[in-house]
Structures are given as structure tokens and as C-alpha cells.
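The values are calculated or read from the model by the stated rules, or taken from the named source; none is laboratory data. Being a predicted model, the structure only gives us computed values, none of them experimental. In this analysis, Cβ positions are derived from the backbone assuming ideal geometry, glycine residues included, and neighbour counts consider all displayed protein chains. For accessibility, only protein heavy atoms count, side chains too; no ligands or nucleic acids. Shrake-Rupley method; radii C 1.70, N 1.55, O 1.52, S 1.80 Å.
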Amino acid sequence: MIENELRALFADRVGDLSTNGRRTAEVRARIKAARRRRATGAALAVVLVALAGALLTRLPGRPDALPTGVPPGPWFTTDGVPAVPGYTAPDIRDVTGPTEHVLVPAPVRLRYLLLVRCERPGTFVLRNLGPAGATAEVDCSYRAGDRFEGVTALDPAAADRLFSPSGADSLNVRYEPGSPGTWTVAVLWSTATVGLRPPDAGRPPLLDGATSPDGGTFEATVPPRAAGVGLVVSVDCVPGVKLELSVPGGVLGTVDCDPTRDPARDVGAMSEGRISLYVPDSDVDRVDLRPGQRTRITVRSTGIRTGEWRIVSAS
């Protein structure tokens with residue numbers, strides 16, 4: 001009985017298919033849509049694979065990860081001189097094989113970069129000769145013209161370990177190039193400090209951002225004119241700090257604690273976290289100040305909201 005009913009039901013459905021003129025067109029449309037979806041999915045898969053390959057491919061001169069604040073290479077000029085904004089190079093050497101040297105860390109907390117330039121790719125090792133035996137490696141494999149380059153970053157603690165005294169012998173660091181040819185090795189340190197540098201011993205600041213983060217006032221005596229400069233204000237600060245200085249007669253200028261910028265006429269280069277505002281004679285005259293005059297200088301913080309700055313001197 002059930003079999004007869006099923007046969008009759010299937011026969012009715014088949015009859016419906018033959019009598020429905022739109023059914024064939026609907027089926028064909030569904031088939032075409034399914035094919036389009038499959039083709040689109042396959043094309044998308046190819047694009048995703050290609051993108052993944054591009055992300056995994058390291059372009060010459062552009063490392064996958066760089067230390068904070070370090071621009072992509074090249075990190076040397078064509079003449080082999082280190083060039084990284086915000087860093088200075090107190091030690092540069094050319095070596096052709098294993099050698100031992102004296103390297104002394106900065107007296108304040110600075111970030112370090114170890115730069116190398118080589119004729120053939122290789123790994124350069126710096127090894128402390130003391131008991132701790134701290135090491136640092138630099139991968140020299142990023143193409144830059146007809147040479148290769150590499151960079152490694154050190155925080156202040158790692159630099160102190162690497163450059164710590166070795167004992168009785170004054171030599172404390174061994175250079176170990178990882179491929180033949182001439183290597184240029186440069187030890188760079190940041191012009192900005194990690195946090196505010198220690199205050200000068202026995203010389204309290206004129207104004208301290210730790211107690212006056214938004215600014216404040218201090219008194220200073222206008223010095224005699226010297227080399228066209230009427231007043232110099234020195235500041236310890238961290239990147240991102242901006243301080244506007246003014247007197248009752250007007251604005252003296254702005255100190256921008258940006259270690260990567262080029263020194264301007266009125267604001268010098270940052271060095272070990274210290275920067276100076278040079279107020280020329282013409283601006284001193286403009287705000288009605290005279291040599292020997294005692295004046296109140298107002299400081300207004302216009303950069304990041306931090307207390308990591310201090311007015312060291314005004315003379």
C-alpha cells in the first residue's frame with residue numbers, strides 16, 4: 001500500500017516538472033549561480049594566498065620588525081656614515097676580523113643602536129670580555145646599494161651589561177664579524193633619555209615639572225649680550241614635551257623636545273635629554289628686557305601631559 005502511494009506521489013511530482021515551464025529555467029539559473037560562487041571563491045583563495053606570500057616575504061632593506069623610532073634602512077649614507085634621526089654615533093670602527101676594543105656606556109639612561117655594514121651577508125657578534133659574558137648579535141642581511149646593513153637595539157640595562165668593565169684589562173668588548181670583507185660597526189646612542197635624566201648634583205632646577213606639570217614661573221637675570229644671544233634657557237625633558245616660555249613683555253620662544261628634528265636657529269640639538277632655547281638679542285629687545293634686569297619667566301606646557309621636564313638654567 002505504501003509503495004503504491006509513493007509511486008503515485010513521485011509520478012505527480014514528475015508531472016509537475018513537465019507542466020511547469022519556468023522550472024527548467026529556474027534550475028539552470030541555480031546551476032549558473034552555483035558555478036559563479038565557486039569561481040569567486042577560488043579567485044578569492046588565490047588572492048589570499050598571494051597576500052600571505054607578500055606578507056611573509058621580507059623586502060631588501062625593510063626588516064619585518066624595527067626598534068621603536070628607527071626608520072627603515074638604509075641606516076648608513078653612501079659614504080658609510082651612520083644616519084639615524086634621534087641618535088648620535090660616539091663610536092665608529094672598520095674591522096676585517098675578530099678584534100677587541102674599549103666601549104664605555106653613557107653616564108645617563110640612553111637607548112642604543114648597534115649598526116653594521118658589510119660586503120657579504122653575515123651575523124656580527126659583540127661579546128663582553130668580562131665574567132658576565134653578555135653578547136649582542138646584528139643580522140647584516142638587508143641590501144643597501146652594493147652592501148648589506150643591519151641594526152639591533154639595546155635598552156640601557158642591556159647596554160650596561162654589554163659594555164661593563166672586563167676586569168684588570170681595559171679592553172671590554174670583542175668584535176666577531178660573521179663573513180669575510182670589511183665591516184663598518186657603529187655604536188649609536190639616543191639623544192633622548194629613557195625617562196628624565198638625573199638632576200645635576202648640587203644644582204636644583206629653577207622649575208620642576210614633577211611638581212608643576214602644567215607649568216609655572218621662575219626668576220632669572222638677563223645676562224650680558226654674547227655673540228648675538230641675549231638669553232639661553234636649558235631644559236631636561238623627554239620626547240613629546242613642549243614648553244612655551246614668556247615674560248611680561250611677550251613670548252620668548254618654545255622648547256620642542258623632539259630628538260629627531262633638525263636643530264633650528266633658536267633651539268639647539270638635544271643631547272642626552274638636554275635641549276636649549278637660544279633667545280637672540282632682537283627678541284630680548286622686543287620683550288623689553290635689558291642686561292642685568294631681573295625678570296619672571298612663565299612656562300606653559302603645551303605638549304604631552306607629563307611632569308618629565310625641568311628648567312635647568314637661564315643665563
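Against the definition (within 15 Å of ARG274 (Cα to Cα) and either loosely packed, with under 14 Cβ neighbours inside 10 Å or assigned by TED's automatic domain parsing to the domain that holds SER282 (or both)), how does PRO198 come out, yes or no?
Criteria met by PRO198.
Can you tell me which of (1) assigned by TED's automatic domain parsing to the domain that holds PRO105; (2) within 25 Å of the chain's Cα centre (by Cα) is the one SER179 doesn't meet?
Failed condition: (2).
In the list VAL95, VAL125, which residue meets the criterion of being closer than 18 Å to ALA159 by Cα and touching a strand residue (DSSP E or B) at 6+ places or on another chain (Cβ under 8 Å)?
The match here is VAL125.
Could you tell me which residue of the range 97-119 is most open to solvent (accessible area, probe 1.4 Å), considering only residues that are in contact with a Phe, Trp or Tyr (Cβ under 7 Å, 6 or more places away or on another chain) and assigned to a loop (DSSP other than H, G, I, E, B)?
Filtering first and then ranking leaves VAL104.
Can you tell me which residue in the range 120-142 is most open to solvent (accessible area, probe 1.4 Å), limited to those that are assigned to a loop (DSSP other than H, G, I, E, B) and closer than 19 Å to ASP94 by Cα?
Only one residue tops the list, namely ARG120.
Scanning for something touching a Ser or Thr at 6+ places or on another chain (Cβ under 7 Å) and under 24 Å from LEU289 (Cβ atoms), does the range 168-177 turn up at least one residue?
no
Is it the case, given these coordinates, that GLY228 is surrounded by 12 or more Cβ atoms within 10 Å (Cβ to Cβ) and touching a residue at least 24 places away in the same chain (Cβ under 8 Å)?
Against the criterion (surrounded by 12 or more Cβ atoms within 10 Å (Cβ to Cβ) and touching a residue at least 24 places away in the same chain (Cβ under 8 Å)), GLY228 does not qualify.
Of the residues that sit in the range 143-169 and are assigned to a strand (DSSP E or B) and basic (Lys, Arg), which one is farthest from the chain's Cα centre (by Cα)?
Only one residue tops the list, namely ARG147.
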